[in-house]
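*Asks:* Below you will find the structure I want to go over with you.
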Amino acid sequence: MMKVAFALTVSLVAVTAYYFYIPLPSTISEPWKLMLLDGIFRGIVHVGKLAHWLGICHFIQVLDYTVTLDTLGPVTNDNLRVTDTAVGGVNVRLYEWTGGAEGELKRGVVFFHGGGWALGSAKKGSYDVLCRKMAEDLKAVILSVEYRLAPVVRFPDQYEDAVRASKHFLQPEVLARFSVDPERVAVSGDSAGGNLAAAVAQQVAMDSSVTVKFKVQSLIYPALQTLDFNTPSYQQNQNVPILYRVLMVRFWLEYLNADLSLIDPLLINNHTALDQSAVDPHRPKVDWASLLPAEFREGYEPVLQALGTSRPVEEIPGLLDVRAAPLLAERDVLSRTPRAFILTCEHDVLRDDGLMYGSRLEEAGVDVTIDHHGDGFHGCLTFAFWPTHFKVGKRTLANYISWLDQTCSLFLGLFLSSDHE
Ligand SMILES: *[C@@H]1O[C@H](CO)[C@@H](O)[C@H](O)[C@H]1NC(C)=O
């Protein structure tokens, strides 16, 4: 009997270890914690695939259900008012710092949460905690946009929700109602939310009907392009949790409402093979051989096919649409966007999306701060809070908030406004 129990225990430990163990780069932050987190995440993905296959519900719905389990209600404390409301017909969770003097103007931040345009919520635990912290630390009003998600809606609906909420908020009378200083409004987001923030920053910069512009854009490991799924960071981190390369490509396909069978040609860059002339005008905008600093290119070769597949470009209009892929913007558009902070992580497939965007913005004359974390992994900034806290999570969060604090400051606001006159 003892022997059987012992054998069972040993096999259970072995199976568990086998399930959780993955080889990780030695430079990554707290690898064992990450393995545990990743094992749980992979388990959820497996359940999602099974449920999808059995026809119980969509793969994405299982993922979304689990990541929103830790949702909190709107809670108000002494210095913070949290309300669920709508602006411009788009649902938002609004965080208003109430600690200041009556009528004192505050900073504003329009924030888009991440989750592959399919998952997550402004009300989700870590995003809710993040926005509360931002509101308190920055003495600000945070508009966390609850844009609609795939698979219920597809591109451009997520983008349109993001634009509509932003433009509504930026109206002078709306800002005044929330006591927000028009000279100190930022746009920000992480991952897919960073994609929306970059796209919205471009749209607002170009739209002459919007009189109040964003003063800064803060992008946390944003997804910005679909033309090269073999950048050095995609190659290097294809099997690094929690954002595997195939999962990222799948998120893109779900967002752009594409046939999932196109994942195979996309993974080998068949959609941007040299015989695909529709891509030609965009090639220089994603050319990492010229856009990445040398240290990030070393040891990597471009994956460039001579002959490819025309189906992706023909069937997925969003693939070449700048509203979906902000890295495809023209220099002139980029030059009008505000001062930028881009947070990148070494162990992240999206590292080079952010770095290339930084290079292109800088080339266009925009002031860019790249905050690169050698031990960072995708998603780490939202892992700054108990029980899923990482050292790199706390550090990225601190840098993110302090940059907003310094650049979106009263002094700078006054300085810029007098500059305009
Ligand atoms: C890539 O394109 C080539 C040339 O058209 C084709 O032979 C190959 O099957 C394609 N590969 C995939 C995975 O689609």
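The values are calculated or read from the model by the stated rules, or taken from the named source; none is laboratory data. Here the structure is a predicted model, which means the values were calculated and not measured. Note: ideal-geometry Cβ built from the backbone for every residue, glycine included; neighbour counts use all protein chains shown. All accessible areas refer to the heavy atoms of the entire protein, side chains included, with ligands and DNA or RNA removed. Shrake-Rupley method; radii C 1.70, N 1.55, O 1.52, S 1.80 Å.
*Asks:* Identify, by number, the condition in (1) surrounded by 20 or more Cβ atoms within 10 Å (Cβ to Cβ); (2) assigned to a loop (DSSP other than H, G, I, E, B) that Y300 doesn't meet.
*Replies:* (1)
*Asks:* Out of all the residues in segment 242-264, is one or more at pLDDT below 95 and in contact with a His (Cβ under 9 Å, 6 or more places away or on another chain)?
*Replies:* yes
*Asks:* If you don't mind, there's one more thing I want to ask. As an exercise: evaluate V249 against (1) away from the ligand (no atom under 16 Å from the Cβ); (2) not in a loop (DSSP other than H, G, I, E, B); (3) not charged (D, E, K, R) and give the number of the one condition it does not meet.
*Replies:* Going through the list (1) away from the ligand (no atom under 16 Å from the Cβ); (2) not in a loop (DSSP other than H, G, I, E, B); (3) not charged (D, E, K, R), V249 breaks only (1).
*Asks:* Could you grab me the full set of residues in segment 303-330 that are more than 16 Å from the ligand (Cβ to nearest atom) and in a helix (DSSP H, G or I)? Please lay out each step first, then the result.
*Replies:* Start the filter on segment 303-330 by keeping residues that are more than 16 Å from the ligand (Cβ to nearest atom), which leaves 317-318, 320-330.
Result: P317, G318, L320, P326, L327, L328.
*Asks:* How about segment 260-295: which of its residues are in a loop (DSSP other than H, G, I, E, B), within 15 Å of the ligand (Cβ to nearest atom) and surrounded by 14 or more Cβ atoms within 10 Å (Cβ to Cβ)? I'd like the intermediate steps shown before the answer.
*Replies:* Filtering segment 260-295 for residues in a loop (DSSP other than H, G, I, E, B) gives 268-269, 273-276, 287, 292-293.
After this cut, where a residue has to be within 15 Å of the ligand (Cβ to nearest atom) as well, the list is 268-269, 273-276.
The answer is I268, N269, A273, Q276.
*Asks:* Take the conditions away from the ligand (no atom under 16 Å from the Cβ), of a type in the set (A, V, I, L, M), open to solvent by less than 40 Å² (accessible area, probe 1.4 Å) and within 30 Å of R184 (Cα to Cα) and apply them to V240. Does it pass? Break it down stepwise before answering.
*Replies:* Working: away from the ligand (no atom under 16 Å from the Cβ): yes; of a type in the set (A, V, I, L, M): yes; open to solvent by less than 40 Å² (accessible area, probe 1.4 Å): yes; within 30 Å of R184 (Cα to Cα): no.
The answer is no for V240.
*Asks:* May I pose another question? Output the residue which, of all residues in segment 26-51 that are open to solvent by 40 Å² or more (accessible area, probe 1.4 Å) and assigned to a loop (DSSP other than H, G, I, E, B), is farthest from K391 (Cα to Cα).
*Replies:* Filtering segment 26-51 for residues that are open to solvent by 40 Å² or more (accessible area, probe 1.4 Å) and assigned to a loop (DSSP other than H, G, I, E, B), the one farthest from K391 (Cα to Cα) comes out as S26.
*Asks:* Looking at the structure I just gave you, is N257 under 30 Å from V152 (Cα atoms) and within 14 Å of the ligand (Cβ to nearest atom)? Lay out the reasoning, then the answer.
*Replies:* On the way: under 30 Å from V152 (Cα atoms): yes; within 14 Å of the ligand (Cβ to nearest atom): no.
Judged against the criteria, N257 is not a match.
*Asks:* Exactly one of (1) among the aromatic types (F, W, Y); (2) open to solvent by less than 10 Å² (accessible area, probe 1.4 Å); (3) assigned to a helix (DSSP H, G or I) is unmet by F229. Its number?
*Replies:* Only one criterion in (1) among the aromatic types (F, W, Y); (2) open to solvent by less than 10 Å² (accessible area, probe 1.4 Å); (3) assigned to a helix (DSSP H, G or I) is unmet by F229, namely (3).
*Asks:* Let me ask something else about it. Working carefully through the options S417, S402, find the one that is at pLDDT 95 or above and either in a helix (DSSP H, G or I) or open to solvent by less than 40 Å² (accessible area, probe 1.4 Å) (or both). Give the derivation first.
*Replies:* Working: S417 fails: at pLDDT 95 or above.
Going through S417, S402 in turn, just one is at pLDDT 95 or above and either in a helix (DSSP H, G or I) or open to solvent by less than 40 Å² (accessible area, probe 1.4 Å) (or both): S402.
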